[in-house]
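Notes for the one structure printed next.
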Amino acid sequence: MRLLQSVLSRLKQTKKPQYKFVTHLLGLLLMLPGHATFRNMSRYSPYHEKTFSRWYGSLFDWVSLNKGAITEVVPAAHEQAMVMDASFVPKSGKRTYGLDRFWNGSHSRAEKGLEISTLAWLDITDNCAYSLSVEQTPPSASTSEPEATRMDVYCDQLSRVVKAHDLRFLRYVVTDGAYSKQKFVAGVRGLGLHQIGKLRADANLRYLYQGPKHPGPGRQKTYDGKVNWSDLSRFERLETEDEHIVLYHQVLNHMHLKRNLQVVVVVHTQRNRYAVLFSTDIDLHALRLYRYYKARFQIEFLFRDAKQFAGLSDCQARSQAKLEFHFNASLSVVTFAKLEACHQHGNRDQTFSMASLKRRAFNQHLIERICAHLADGQSLEKSSPDYEALCNYGVIAEEAA
């Protein structure tokens with residue numbers, strides 16, 4: 001990965017041994033067939049499995065690495081934002097850090113396992129997400145403050161990353177409905193950012209009073225009744241490029257969130273269904289809000305590709321440091337693969353396939369290994385030991401011809 005080497009060489013805190021290991025690890029994860037366990041990685045690497053285990057326990061600034069690569073490839077003129085979401089990672093073992101019951105969206109139920117909280121960079125123009133920071137959600141019993149909730153954990157991650165890496169220029173944090181809580185919204189606004197998210201279909205909202213002020217003493221009228229979701233006549237209608245999607249928008253007051261919001265009701269006229277979106281930026285145009293929220297789903301493709309092709313769910317370590325190192329490395333592999341593809345093709349019209357990139361990377365690795373044998377003047381006749389060595393490359397148990 002040329003982009004990886006270019007960015008790593010500019011990181012001041014990265015020492016040469018760690019620079020060498022991270023470069024090797026991300027290239028290995030991209031081409032590795034099978035599970036991304038220490039033992040399997042050692043089969044395709046000059047490093048021993050214990051070497052991988054030791055390096056996984058070290059600290060590394062993944063945010064600076066990912067940010068450096070993103071800013072080098074993504075044009076500054078593109079519309080950009082941040083997106084935050086959590087993903088369930090299956091894991092067993094009594095001594096694994098972070099084991100708790102978390103929501104597993106693929107099964108629509110809470111299950112025992114791990115959860116990773118991911119903050120990603122969202123390129124709205126090219127409709128693509130790139131990983132920035134991945135942290136493990138601690139189990140409920142291990143929180144240092146008894147009254148701390150998971151929303152506090154998510155807010156803490158967002159605050160640390162945004163402040164340490166000066167990401168306020170991205171302005172918007174796009175989330176799904178799970179983050180539409182008073183604590184999280186207040187935390188986002190406390191950072192000087194705006195949140196774009198989703199509300200319940202029966203959210204308790206009030207119209208703002210737009211009539212004349214009464215001349216007498218007393219408090220002026222502020223609100224003008226509760227929103228009835230079956231009657232959108234007081235909303236402004238807006239057409240979209242999709243003939244079946246119509247937007248209705250209005251600035252409303254949310255009682256629980258204790259603030260005014262730009263609310264957009266997305267109505268699917270063919271299916272007769274609707275969704276309620278919001279932004280804390282009341283001046284944000286409804287079409288732009290809708291487009292930003294649609295782009296939020298790109299983070300799901302990050303999770304999918306990391307689980308299917310970069311071994312996100314395969315780590316055999318149990319400590320918090322090693323698990324977080326693996327989660328960051330896995331999602332960074334997908335990020336760099338996307339950025340490399342974007343950098344080579346120059347636009348997002350080219351179809352991106354993580355499966356094709358992984359197959360190509362393995363083919364290149366195998367060809368280089370064969371060429372290395374030939375360059376040394378060794379024979380690859382079927383009766384030679386070198387031929388047998390290449391045939392058994394990466395196998396669990398060597399087989400005879």
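No lab work stands behind these numbers, since they all come straight from the coordinates. In this text the structure is predicted, and so the values were computed from the model without any measurement. Don't worry about glycine lacking a Cβ; one is built from the backbone with ideal geometry, like all the others, and counts go over all protein chains shown.
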Problem - Kyte-Doolittle mean at least -0.5 and Cα axial length at least 24 Å: DSSP H helices in the chain - result: 320-345, 354-375
Fill in the blank from the handout: Within the under-14-Å Cβ sphere about ARG2, not counting ARG2, Lys/Arg +1 and Asp/Glu -1 give a net charge of -1
Exercise for the section: For LYS221 paired with LYS15, estimate the spin-label separation in nm (one decimal), with each label point 7 Å from Cα along the Cα-to-Cβ line. Expected result: 7.1
Exercise for the section: State the dimensionless ratio Rg/Rh of the stretch 169-248 (Rg: radius of gyration of Cα atoms; Rh: Kirkwood radius). Expected result: 1.06
Exercise for the section: Enter the mean projected area of the convex hull around the alpha-carbon atoms of the stretch 88-164, in nm², rounded to one decimal. Expected result: 6.7
Exercise for the section: Counting residues in the stretch 195-319 as N, plug N into 2.2 N^0.38 Å and put the Cα Rg over that result. Expected result: 1.42
Problem - Estimated inter-spin distance, HIS165 and ASN363, nm [label 7 Å along Cα→Cβ] - result: 3.3
Handout entry: FRET E, pair ARG318, HIS48, Förster distance 22 Å, beta-carbon r, rounded to 0.05
Key = 0.70
Completion exercise
Taking Cα pairs closer than 8 Å and at least 6 residues apart, the relative contact order of the stretch 163-210 in percent is 40
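Counting each pair of different Cα atoms once, what's the Kirkwood radius of the stretch 62-126 in Å, rounded to one decimal?
For the stretch 62-126, the Kirkwood estimate is 14.2 Å.
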Problem - Approximate spin-label separation LYS258-THR125, in nm, with each point projected 7 Å along Cα-to-Cβ - result: 3.9
Handout entry: FRET efficiency estimate (nearest 0.05) - Cβ-Cβ, ALA389 to LEU287, R0 56 angstrom
Key = 0.40
Problem - Over 23 Å between alpha carbons, listed pairs LYS221/LYS258; LYS12/LYS67; LYS183/LYS338; LYS50/LYS322 - result: LYS183/LYS338
Completion exercise
If R0 = 22 Å, then GLU79 and GLN344, at their Cβ-Cβ distance, give a FRET efficiency to the nearest 0.05 of 0.45
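From the cross-link list LYS198/LYS294; LYS15/LYS163; LYS198/LYS226, which pairs have alpha carbons spaced over 22 Å apart?
Flagged as over cut-off: LYS15/LYS163.
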Handout entry: Full-stretch length increase - TRP229, LEU208 - with 0.36 nm per residue and alpha-carbon distance subtracted
Key = 6.0 nm
Practice task
Working from the alpha-carbon coordinates of the stretch 128-203, get Rg over Rh, Rh being the Kirkwood radius.
Solution key: 0.97
Problem - Cα-only radius of gyration and Dmax that characterise the stretch 290-350, units Å - result: 14.0, 41
Handout entry: Net dipole in debye of the stretch 163-223 [+1 Lys, Arg Cβ; -1 Asp, Glu Cβ; about Cα centre; nearest 20]
Key = 220
Practice task
Only residues of the stretch 260-293 count here: report those whose backbone N is under 11 Å from the spot 7 Å along Cα→Cβ of SER108, or say none.
Solution key: none
Practice task
Over 15 Å, how big is the tail of the calculated P(r) for the stretch 272-324, in percent of all Cα pairs?
Solution key: 66
Practice task
Take every Cα pair under 8 Å in the chain that's 6+ residues apart, average their separations, divide by the length, and report that relative contact order as a whole percent.
Solution key: 19
Practice task
Using only alpha carbon pairs under 8 Å that are at least six residues apart, calculate the relative contact order of the stretch 186-301 and give it in whole percent.
Solution key: 26
Practice task
Give the Cα extents of the chain along the principal axes, in whole Å, largest first.
Solution key: 101, 48, 42
Practice task
Starting from the Cα of LYS112, draw a straight line to each of the lysines and keep only those under 17 Å, dropping any in the same chain fewer than 8 residues away.
Solution key: LYS91, LYS94
Problem - Amide H contacts under 5 Å for LEU114, placed H, 5+ residues apart - result: VAL89, LYS91
Fill in the blank from the handout: Hits in the stretch 285-318: amide N under 13 Å from the 7 Å Cα→Cβ extension of ASP242, namely 290-297
